[in-house]
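What follows draws every value from the coordinates through simple rules; no lab data is involved. Note that the structure is predicted; figures quoted are calculated from it, not measured. Don't worry about glycine lacking a Cβ; one is built from the backbone with ideal geometry, like all the others, and counts go over all protein chains shown.
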Amino acid sequence: MLAGKRAVRVGDQILKEIAILLLNRVKDPRVQGVTMTGIDLSNDLKLARVYFSVMGDKSEIERALAGLNSAKGFIKREIGLRMQLRYVPEIKFLHDASLESGSHLDRIFEEIQKDEGVRREE
């Protein structure tokens, strides 16, 4: 689904506001260390899929998601106060595994480079 220019612009602003709120206003310890990685806002501006990342195992991800969902009402209310929108979009938080995948690939590449170095020395 391609987002229109307005949806992209508004989505970027919403993502920025959520990141600021998580950093400065949300006191829930479950959301510490959570990074907002992206947003997909529908063209009608009524649904925002907000992607987040957190380092840790599956239980850490579930804990962060529970914290984000718990803070959702506060976040929506604050976005409504900070931005002039007719409707504040429904927010759905989704885990973005791309950072973990990237770091996993980095470790694999490092192992390959070590193996190559050992072979050249032989």
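Residue separation of Lys76 and Asp115 scaled by 0.36 nm, minus their Cα-Cα distance, works out to 9.0 nm of gained length. Expressed to the nearest 5 percent, the antiparallel share of DSSP beta bridges inside the chain is 50 percent. Spread over its residues, the convex hull of the C-alpha atoms of region 1-114 is 119 Å³ per residue. Placing +1 on the Cβ of each Lys and Arg and -1 on the Cβ of each Asp and Glu in the chain, which of Ile61, Ile108, Tyr87 has its Cα farthest towards the positive end of the resulting dipole? The residue sitting farthest along the positive end of the dipole is Tyr87.
Stretching Met83 away from Asp44 to a fully extended chain increases their span by 12.4 nm, per 0.36 nm per residue minus the current alpha-carbon distance. Rounded to the nearest 10 degrees, the inclination of helix 98-121 to the longest alpha-carbon principal axis of the chain is 10 degrees. Pairs from the table (Lys16/Lys72; Lys16/Lys58; Lys46/Lys72) lying more than 22 angstrom apart at Cα are Lys16/Lys58.
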